[in-house]
1. Looking at region 162-187, I want the residues that are at pLDDT 80 or above and have a partner that is of a type in the set (Phe, Trp, Tyr) and open to solvent by less than 40 Å² (accessible area, probe 1.4 Å) with Cβ atoms under 6 Å, at least 6 apart or on another chain. Which pairs are those?
2. Do we have ASP120 as within 23 Å of GLY31 (Cβ to Cβ), modelled with pLDDT of 70 or more, open to solvent by 80 Å² or more (accessible area, probe 1.4 Å) and not small (Gly, Ala, Ser) here?
3. Tell me which residues, restricted to region 28-45, are in contact (Cβ under 8 Å) with a residue 24 or more places away in the chain and not in a strand (DSSP E or B).
4. Name the pairs: first residue in region 146-161 and more than 21 Å from ALA119 (Cβ to Cβ), second residue of a type in the set (Gly, Ala, Ser) and outside any strand (DSSP E or B), Cβ to Cβ under 7 Å, at least 6 apart or on different chains?
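The values are calculated or read from the model by the stated rules, or taken from the named source; none is laboratory data. Here the structure is a predicted model, which means the values were calculated and not measured. A quick note on method: Cβ atoms are made from the backbone with ideal geometry, for glycine too, and the neighbour counts reach across all protein chains shown. In case anyone asks, the SASA skips ligands and DNA or RNA and just uses the protein heavy atoms, side chains included. Shrake-Rupley method; radii C 1.70, N 1.55, O 1.52, S 1.80 Å.
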Amino acid sequence: MNPVLPLHSPPPESRSPPVLAPRLDADRPFGATLPNWKCDTFVLSAAYPRSVPGSVRSKEERARGPRSFPKDVWEATVDMVTRQVECSFITPGYQGDNSEEPLFQVVNRYSPRASRTVADGAPQVSLVLIHGTMLCKELWEPTIADLLAQGQVLDEVWALDTFNSGQSSLVNQDLLGYTREPLIILS
């Protein structure tokens, strides 16, 4: 099996991260319950290069218009898994397809307005959360609010959207072709 692919910087001529409109409740993501917390949103580069060739649509494919959603979910899933297995096990020394344009991830950082005073030797706590298939980073907000309301000491919380879900899927829609994964049909 190949080792984990190395991460490289995208080519300098590739697309830039988009600027997102600010969240309307960014200064109070948990409402009046936790008024001392705020939310900052960032757009970060996703892993580059892609580990599976063809995971991003080429310029020619994008010029032809939107990709139609696969009618046969099972067939689309088998095709995706087959390509991943071929790249991981069959192609010796595969280093990823760096001819594709980079994808982006949208990330929320929840933090208190004022940093807490930390005693010498006391740990600072950062919590990183990622969601499952077809969900979004905001689904963690009730959980974060519950943890904080119960007195859990947190210095910051990061919630990430995967490149093909939530707000990230909208940022990457032109490259992915659609914003839904095949599993959404099953729900």
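1. If the second residue must be of a type in the set (Phe, Trp, Tyr) and open to solvent by less than 40 Å² (accessible area, probe 1.4 Å), the pairs left are VAL171/PHE104.
2. Numbers: within 23 Å of GLY31 (Cβ to Cβ): no; modelled with pLDDT of 70 or more: yes; open to solvent by 80 Å² or more (accessible area, probe 1.4 Å): yes; not small (Gly, Ala, Ser): yes.
So ASP120 fails the test.
3. First pass over region 28-45, keeping only residues in contact (Cβ under 8 Å) with a residue 24 or more places away in the chain: 29-30, 33-34, 36-45.
Scanning region 28-45 gives PRO29, PHE30, THR33, LEU34, ASN36.
4. Sorted first by the residue in region 146-161, then by its partner, the pairs are ASP161/SER168.
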